[in-house]
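Peer 1: Attaching a single structure in structure tokens format; questions to follow.
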Amino acid sequence: VFCATLGGDFPGIHTHTHAHQTLKVEGSLHGAFLKDFGVDANDSHQPSPACFGYTNFLLAQVHGKSLPVAFASILPCYVIYNDVGKHILGQ
């Protein structure tokens with residue numbers, strides 16, 4: 001989503017389509033996670049300091065910077081998701 005706000009696409013990567021799919025999947029994942037732990041998604045919650053810092057970092061990378069910089073800033077998310085996915089599949 002952050003990268004899609006910059007407009008344009010990398011060759012073979014359609015940022016707006018990817019952002020839309022990511023929002024759907026992330027929303028579903030977070031909704032299920034919150035439900036499993038009995039958290040009402042409509043309640044107001046404060047982000048943890050780490051979450052707040054990371055999202056502010058992402059916003060800073062997108063604001064006034066290039067699409068490659070923005071993609072590089074979100075790369076750790078994909079690395080972590082890949083590792084977590086492999087761990088879950090191994091169980």
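The values are calculated or read from the model by the stated rules, or taken from the named source; none is laboratory data. Model, not experiment: these values are computed from the prediction. Only protein heavy atoms, including side chains, enter the accessible area calculation; ligands, DNA and RNA are left aside. Shrake-Rupley method; radii C 1.70, N 1.55, O 1.52, S 1.80 Å.
Peer 1: Pull out the extension gain between S28 and H87, defined as 0.36 nm times the separation in residues minus the alpha carbon to alpha carbon distance; nm, one decimal.
Peer 2: Value of the extension gain: 19.2 nm.
Peer 1: Just how much of D40 is accessible, in Å², when a 1.4 Å probe is used and the result is rounded to the nearest 10?
Peer 2: Per-residue accessible area (D40): approximately 70 Å².
Peer 1: Mind checking the full-extension length gain between K65 and C77? Use 0.36 nm per residue of separation minus the Cα-Cα distance, one decimal, nm.
Peer 2: Values: separation 12, 0.36 × 12 = 4.32 nm, distance 1.90 nm.
Difference between extended and current length: 2.4 nm.
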